[in-house]
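Data first, discussion second: the structure below is written as structure tokens.
The values are calculated or read from the model by the stated rules, or taken from the named source; none is laboratory data. Predicted, not measured: the structure shown is a model, and the values here were computed from it. For neighbour counting, all protein chains shown are included, and Cβ atoms are generated from backbone atoms with ideal geometry for every residue, glycine included.
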Amino acid sequence: MRPRGLPDKIARNSVEAPSVPHPMRFEEDAIVLGGGLTGLSAAYTFSSKGVSPQVFEADDTVGGLSKTIIRDGYRFDIGGHRFHARDKKVEAFVRGLMGDELLNVSRKSRIYMNGRFFDYPLKPLNSLSGLGPLTVLRVIADYCLERAKGLFKADPGDSLEDWVVRNFGRKMFEIYFKGYSEKVWGIPCNRISRSWVERRIEGLSLATVIKNAFSKAVGRDVPTLIDDFLYPALGIGRISDRLAEEIGHLGSVHTSSPVKAIHHDGKSITSVVAGEKKASADAYVSTISLTAFVNMMDPAPPDEVLEAASGLGYRDLVIAAIAVDRPVVTNLSWIYVPDKDFPFGRIHEPKVWSSAMAPEGKTLLVVEYFCFQNEGVWNNTDEELIETSVKGLERLGFLKADEVSGGWVLRVPGAYPLFEIGYEEKTRVILDYLSGFDNLKVAGRAGRFAYLNMDHAIAAGREAALESFATLARAFVKKQAQPSRTDPL
Ligand SMILES: Cc1cc2nc3c(=O)[nH]c(=O)nc-3n(C[C@H](O)[C@H](O)[C@H](O)COP(=O)(O)OP(=O)(O)OC[C@H]3O[C@@H](n4cnc5c(N)ncnc54)[C@H](O)[C@@H]3O)c2cc1C
């Protein structure tokens, strides 16, 4: 129920973790490293419960991977970000936070293979006509064979290849999964951990896909099959902007403040150096990358922790946004391009998600290159990347070069934790070590080296803040026990 007397804006936020300034302001405070969705959600939760958070963000804007870039009236995300939450409390929270800024968008995607566009995810009738009946028979036979194997050997193996072959059959793996996965990750599918694909398309198999084609209800809870999603009219970055606005009630968000050092005494974090400032607090939540965190610790952690961190890799991303003098080019949410003849892997047109994402009469096509930092396309000049993107888009039939009025390139280091087989053990070594610090919680995508979507990031940030309240209570008790200067001797 809406609390009486509260302005609309504040009442809207009282859905789950109300941002209403807490009636009591505690002396204890918190520091949050990283101003992406996880860090901002943690800070929001602290602030809504009367604890002052300070957020330190390296970039000059908040949002991390979930930000929206604005150039000459065009807006684009770091790869189109749809919002969908399986946890209805998280959805209600975001709806409350964003109010009427949210649009309901229908998803319609295509995958480009063998010179043709197919529905994505797979629709049996569409693929039947595209692949030919013989291939379809082979797909079904391979799938049945794998189901039979599963009766004798429950565990399919450790890799993405093992898992997909077990759940879809080898032919489907080769047709739909191999090319795109290898393009995204840059390593062979038999070196990619199955835990990534398992979580991403949890609950999905060839049988589920086929059932979903005939009954929408089957795919309702499988994230990969969701047909509709929420999207803020001015881009996904608005969710972070709104969180940062609300944190302002009690806390502060310092952008352009990279954390450079993390001091500790072996049991607790004692202070951080961010930008030119040294700051300390009763509780710390880190959402910056695990690798960066341990490398900034002073004194340095044990060798085995540093060694584990040096074994964790990241996949990087280059985005090229191409401005086109046309009101709209496609009616698609995403276009996947596994084909090796094209150097990019995915395309989206922000204007299809929200008409406010480009000036009237114009549109933008955003092309994603999955790559490793300082290698290949990463080192290309912006002009080269724009030219390559325009040529690729022209070959796919989306535009003509003379319709292009400009373009922008963005390099995104560490966009994806690289889930190479063995990453779980390395991550465990680091997390075990960090769990020994009594006033530290680590959360988030790079923060825990985990496959997180935005809904998970929001939940993880909130959880990290709530878990910190035991630490804050201990700090409170300790301060009460210390004689104040006005106490009689
Ligand atoms: C291409 C792409 C597409 C995606 N699409 C979707 C989608 O459609 N739907 C969805 O739900 N999710 C999507 N995601 C996932 C989503 O982006 C993440 O789940 C979410 O943004 C993670 O938030 P985070 O705060 O944990 O991490 P980040 O966004 O990485 O935030 C970490 C923050 O820490 C800051 N930082 C790093 N080092 C320092 C330092 N030393 N000092 C201070 N600050 C520092 C960074 O600048 C950053 O702002 C996508 C991700 C990518 C890469």
Please work out which one of (1) more than 11 Å from the ligand (Cβ to nearest atom); (2) at pLDDT below 95; (3) among the small types (Gly, Ala, Ser) is the condition residue 320 fails and give its number. (2)
Can you tell me how many residues in region 28-87 are outside any strand (DSSP E or B) and within 14 Å of the ligand (Cβ to nearest atom)? 30
For region 239-291, what are the residues that are under 13 Å from residue 31 (Cα atoms) and free of Cβ contacts under 8 Å to residues at least 24 places away in the same chain? 270, 271, 273, 277, 278
Filtering region 251-280 down to residues that are part of a loop (DSSP other than H, G, I, E, B) and more than 12 Å from the ligand (Cβ to nearest atom), which residue is nearest to residue 36 (Cα to Cα)? 251
Filtering region 22-62 for residues that are on the phi > 0 side of the Ramachandran plot and modelled with pLDDT of 95 or more leaves a count of 1
Scanning region 282-306 residue by residue, those more than 16 Å from the ligand (Cβ to nearest atom) and either outside the structural domain of residue 452 (by TED's automatic domain parsing) or out of contact with any strand residue (DSSP E or B) (no Cβ under 7 Å at 6 or more places or on another chain) (or both) turn out to be 299, 300, 301, 302, 303, 304, 305, 306
Are there any pairs with C-beta distances below 7 angstrom linking a residue in region 471-489 that is modelled with pLDDT of 75 or more to a residue that is surrounded by 10 or more Cβ atoms within 10 Å (Cβ to Cβ) and polar (S, T, N, Q), with the two at least 6 apart or on different chains, and if so which? 471/439
Look at region 299-325 and say how many of its residues are closer than 30 Å to residue 360 by Cβ and either hydroxyl-bearing (Ser, Thr, Tyr) or buried (at least 17 other Cβ atoms within 10 Å of the Cβ) (or both). 8
Residue that is of a type in the set (A, V, I, L, M, F, W, C), closer than 29 Å to residue 78 by Cβ and either within 16 Å of the ligand (Cβ to nearest atom) or not assigned by TED's automatic domain parsing to the domain that holds residue 335 (or both), where the choices are 377, 404, 390: 377
When you scan region 467-485, do you find a residue that is part of a helix (DSSP H, G or I), within 16 Å of the ligand (Cβ to nearest atom) and buried (at least 17 other Cβ atoms within 10 Å of the Cβ), even just one? no
Being in a loop (DSSP other than H, G, I, E, B) and in contact (Cβ under 8 Å) with a residue 60 or more places away in the chain is the filter; apply it to region 292-310 and report the residue that is nearest to residue 77 (Cα to Cα). 301
Look through 374, 439, 380 and report the one residue that is polar (S, T, N, Q) and crowded, with 20+ Cβ neighbours inside 10 Å. 439
Within region 88-189, strands (runs of 3 or more DSSP E) holding 1 or more residues that are closer than 22 Å to residue 421 by Cα and without any contact (Cβ under 8 Å) to a residue 60 or more places away in the chain: none
When you look at residue 311, is it more than 14 Å from the ligand (Cβ to nearest atom), within 30 Å of residue 346 (Cβ to Cβ) and at pLDDT 95 or above, yes or no? yes
Looking at (1) at pLDDT 95 or above; (2) at negative phi; (3) away from the ligand (no atom under 16 Å from the Cβ), can you tell me which one residue 248 breaks? (1)
